[in-house]
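Please treat every number below as a calculation from the coordinates, not as lab data. Because the structure is predicted, anything quoted here is derived from the model rather than measured. With ideal geometry, Cβ positions are generated from the backbone for all residues, glycine too; neighbour counts draw on all protein chains shown.
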Amino acid sequence: MANDVFNYDLILENYMGEKEVVLDVLNVYKNKVEKQLDKIEQAIVDKNIGVLKFEAHSIKGGSYNVTAKRIGDIAAKMESDCKNNDISNIDSYLKELKEEFKKFVEAIAYLLK
């Protein structure tokens, strides 16, 4: 099942058909990103570019790992801007991340039942 949020068939292939492992990975990713979005919100308040860059980098890698390309791409833009000490678009990136992450959570909900 491929959709525009993530590609279940691809992640299943990447994990050699191990459905239980994929479900565990998706659940761990979901829980981790929820916490990371909170950290990003606080880092924005604190204007802590180091934390923003670190969390964006982590979300980027995790997202590509679970085939959530849109989330990964947004996080990559956030990370790139932070590397350039530019946080002018951080609020809009966070909004986009939250919107795409919500779609991801909704898309995997039936798998994690």
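When G17 is tested against (1) farther than 16 Å from Y93 by Cα; (2) part of a helix (DSSP H, G or I); (3) free of Cβ contacts under 8 Å to residues at least 24 places away in the same chain; (4) not polar (S, T, N, Q), exactly one condition is not met: (2). All of (1) touching an Asp or Glu at 6+ places or on another chain (Cβ under 6 Å); (2) surrounded by fewer than 15 Cβ atoms within 10 Å (Cβ to Cβ) hold for L10 with one exception: (1). Do we have Y64 as of a type in the set (F, W, Y) and surrounded by fewer than 16 Cβ atoms within 10 Å (Cβ to Cβ) here? Yes. On the basis of being outside any helix (DSSP H, G or I) and surrounded by 12 or more Cβ atoms within 10 Å (Cβ to Cβ), does L52 make the cut? Answer is no for this residue. Cβ-Cβ contacts under 7 Å between residues 6 or more apart (or on different chains), taken from a first residue in the range 36-62 that is touching a residue at least 60 places away in the same chain (Cβ under 8 Å) and over 9 Å from G72 (Cα atoms) to a second residue that is in a helix (DSSP H, G or I) and not aliphatic (A, V, I, L, M), are listed as L37/K98; L37/F101.
Tally time: how many residues in the range 55-75 are part of a helix (DSSP H, G or I) and of a type in the set (V, I, T)?
Of the residues in that region, 3 qualify.
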